[in-house]
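Here is the structure we will look at, set down as C-alpha cells.
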Amino acid sequence: MVVSKPRIVIIGAGLAGLTAANKLYKANGGNGFEVCIVEGGNRIGGRINTSEFGGDRVELGATWIHGIGGSPVYELAQELDALESNEPWECMDGFLDDTITIAENGYVLSPSLVDPISNLFKNLMDVAQGKRKYGGNGIAESEYVMCPGEEITIAKGYSCIIESLACVLPNGTIQLGKKVCKIEWQCESEVRMIENGYDDTRPVKLHFLDGTTLSADHVIVTVSLGVLKAGISDSNESGILKFDPPLPDYKNDVISRLGYGVVNKLFLELSPDFAYFSDFPFLQMVFHQSKSKDKNPKIPWWIRKTASVSPIYKSSRVLLSWFAGEEALELETLSDEVILDEVSATLSTFLSNSSEEKCNGNVIKNSSKLNLVKVLKTQWGHDPLFLGSYSYIAVGSSGKDMDSLAEPLPKSGSHPLQILFAGEATHRTQYSTTHGAYFSGIREANRLLEHYGLN
C-alpha cells in the first residue's frame, strides 16, 4: 500500500504564504510534503507589488524595511544584491531632509512653530509604542517591537523578495486565479467525511469560486484580516471566504475586535513643461479646521488629512502622497481626471504665494504653471482579495487577540492542525510589517514540521 504524502494547501501567495511554502518544500529535501499554493489573484506577492510609473520604479504596497537589525527581509535583500540599482527607485534618497511647511493659501510656516508640534507628535507615538513611560495604563501599541537600525527601501523592488521565495518551488506549485470561497473542516468526528462525500481521507476540503474542489490534510490560511472580517459577517455575497463549520466563537471575537485599516498611495507625474521639477520640495501641508471660515473652498475634503506631497526622490518628476481611512477609500472612487484637477488646484493654493520662498537653498518658482499629467493610485480598500492594508491593535483589543488568531484548529484529535493561520495580523509584536508576515509563515511551517517530527 502506497502511503500518500501529507498535502498542505496554502491560501494566498503573499509573503507569509510563500515563506511557509519555501520552508516546507526545503524540509527533507522537498520529499516530506505535497505543497500547493492557491492564489485568488492573477499575480503573486499579496500586499507587495512593485510597479513602474513615470519611468521610475515604485511600490504599490509594502515600501520600507522597518529596521535592518534582525530583519529577515533585509537579509534576503542583501543576499539578492537588491539594495543597490543603476535605475532610479522610490525613496532612493531615504527620508528627505529639505522640508518646507506651508499652510493653505500659501503661508510658509517657520520651523520654530513647526518643530515643537512635530516633536510632540513623535513623543506621542513613542508613548503609544511603549518607547516612553506614561502614567496611564493600557497603551495599545506597547507590545509592538521595532527592528533596530535604519529604515530603508529595496532598490530593485520589494517584488524581488517574493520572486526569490517562489523560484525554488516546483512548477505548478502556485495556482493563480483560484479563489477559495469555502473551507470545510472537521471539528472532532470523522463521520462528516463520509456524509459529505469526501473522495479520500483528507479532513479538509476547499471549495473554489470556479466550482472546483481540493482536499488537504492541512490548510494554512494567509488571507488578510479584512477578508477574515468579511467572512464572519452576515453577508452572502459570492466569493466571500466562509468556514464550515463556522470558526469557534473565540476566533470570531478576536477577528471582530482587532483593527484593520486602509492606506493608499497616490503617485502623480509632473508635466515636462514644469521646468523646475528638480526644485520641488518635500512639502508638508497644514490645513485649516474643517469648520473654519478661512478654509479654501477649492480644496476637497479628501485631501485635507494628507500630510505631505513630495518627489519620490530628489529630481524625480513623480510626486507621492499618502492617504488613510475614509479619505483613502474616497480616493479609490475618484476618476483620474478628478484627482488630477483637484490635486493640481490644491497644490497651486499652497505654492502660489510661496513661489520665491527658499527651503535649504531650493526655490519654488513658477508654481502657477504647475501641471500634473498622470496619476497612479492604489486601491487596497475595495480590492476583494485584501479589503484593506494593515492590522493594528484597536481600542478594546490586545496582543493576546493576535495570539488567539494564530491558534490552529483543532489542536488535538484524530486530525489536528487542519487549519493554521499566518500573516502579519497573527504576529503579536510585529504586526503590519513584512517581517512580521515572514516570521508568521516560518512559525506555521515549523508547527507542521514539528508535528511530523521533521524539525
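Considering the stretch 331-370, and only residues there that are aliphatic (A, V, I, L, M) and under 24 Å from Leu109 (Cβ atoms), the residue that is modelled with the highest pLDDT turns out to be Val343. Please go through the stretch 278-294 and pick out each residue that is in a loop (DSSP other than H, G, I, E, B) and either aromatic (Phe, Trp, Tyr) or crowded, with 16+ Cβ neighbours inside 10 Å (or both). Answer for the stretch 278-294, where residues must be in a loop (DSSP other than H, G, I, E, B) and either aromatic (Phe, Trp, Tyr) or crowded, with 16+ Cβ neighbours inside 10 Å (or both): Phe280, Pro281, Phe287. Note on the stretch 31-75: among residues that are touching a His at 6+ places or on another chain (Cβ under 9 Å) and not assigned by TED's automatic domain parsing to the domain that holds Thr434, the one that is surrounded by the fewest Cβ atoms within 10 Å (Cβ to Cβ) is Gly70. Among the residues of the stretch 152-167, those that are outside any loop (DSSP other than H, G, I, E, B) and either of a type in the set (Gly, Ala, Ser) or out of contact with any helix residue (DSSP H, G or I) (no Cβ under 7 Å at 6 or more places or on another chain) (or both) comprise Ile152, Thr153, Ser159, Cys160, Glu163, Ser164, Ala166. Restricting attention to the stretch 295-313, the residues being touching a Phe, Trp or Tyr at 6+ places or on another chain (Cβ under 9 Å) and not in a helix (DSSP H, G or I) number 13.
Here the condition is being among the hydrophobic types (A, V, I, L, M, F, W, C) and either assigned by TED's automatic domain parsing to the domain that holds Val180 or surrounded by fewer than 20 Cβ atoms within 10 Å (Cβ to Cβ) (or both); of Leu370, Leu376, it holds for Leu376 alone.
Every condition in (1) outside the structural domain of Leu340 (by TED's automatic domain parsing); (2) over 22 Å from the mean Cα position of the chain (by Cα) holds for Leu283 except the one numbered (1).
Conditions (1) in contact with a Lys or Arg (Cβ under 7 Å, 6 or more places away or on another chain); (2) farther than 18 Å from Asn252 by Cβ; (3) at pLDDT 90 or above; (4) not assigned by TED's automatic domain parsing to the domain that holds Lys251, marked per residue:
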position	(1), (2), (3), (4)
Met402	yes, no, yes, no
Glu407	no, no, yes, no
Ser414	no, yes, no, no
Phe439	no, yes, yes, no
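Summed over the stretch 180-189, residues that are touching a residue at least 12 places away in the same chain (Cβ under 8 Å) and either surrounded by fewer than 20 Cβ atoms within 10 Å (Cβ to Cβ) or more than 22 Å from Cys36 (Cβ to Cβ) (or both) total 4. Have a look at Ile232, Ile161, Ile152 and point out the one that is closer than 30 Å to Tyr260 by Cα, modelled with pLDDT of 95 or more and surrounded by 18 or more Cβ atoms within 10 Å (Cβ to Cβ). Matching residue, one of Ile232, Ile161, Ile152: Ile161.
Residue-level analysis places Ser290 among those that are without any contact (Cβ under 8 Å) to a residue 24 or more places away in the chain and over 25 Å from the mean Cα position of the chain (by Cα). Within the stretch 247-273, residues that are part of a loop (DSSP other than H, G, I, E, B) reach partners that are among the basic types (Lys, Arg) with beta carbons closer than 7 Å, at six or more positions or on different chains, in the pairs Asp273/Lys369. Screening Leu225, Leu209 for residues that are outside the structural domain of Leu320 (by TED's automatic domain parsing), over 29 Å from Ala394 (Cβ atoms), touching a strand residue (DSSP E or B) at 6+ places or on another chain (Cβ under 8 Å) and at pLDDT 95 or above leaves exactly one candidate, Leu209.
I'm checking my understanding of the structure. Among residues of the stretch 53-96 that are assigned to a loop (DSSP other than H, G, I, E, B), of a type in the set (Asp, Glu) and under 23 Å from Tyr438 (Cα atoms), which one is modelled with the lowest pLDDT? Checking each candidate, the answer is Glu90. When restricted to residues that are more than 18 Å from the chain's Cα centre (by Cα) and crowded, with 21+ Cβ neighbours inside 10 Å, the stretch 419-447 contains 4.
All conditions but one from (1) modelled with pLDDT under 95; (2) surrounded by 16 or more Cβ atoms within 10 Å (Cβ to Cβ); (3) within 30 Å of Gly211 (Cα to Cα); (4) of a type in the set (A, V, I, L, M, F, W, C) apply to Ala16; the one that does not is (1).
The values are calculated or read from the model by the stated rules, or taken from the named source; none is laboratory data. Keep in mind the model is a prediction, meaning the values are calculated, not measured. Counting neighbours? That spans all protein chains shown, and the Cβs are built from the backbone with ideal geometry, glycine included.
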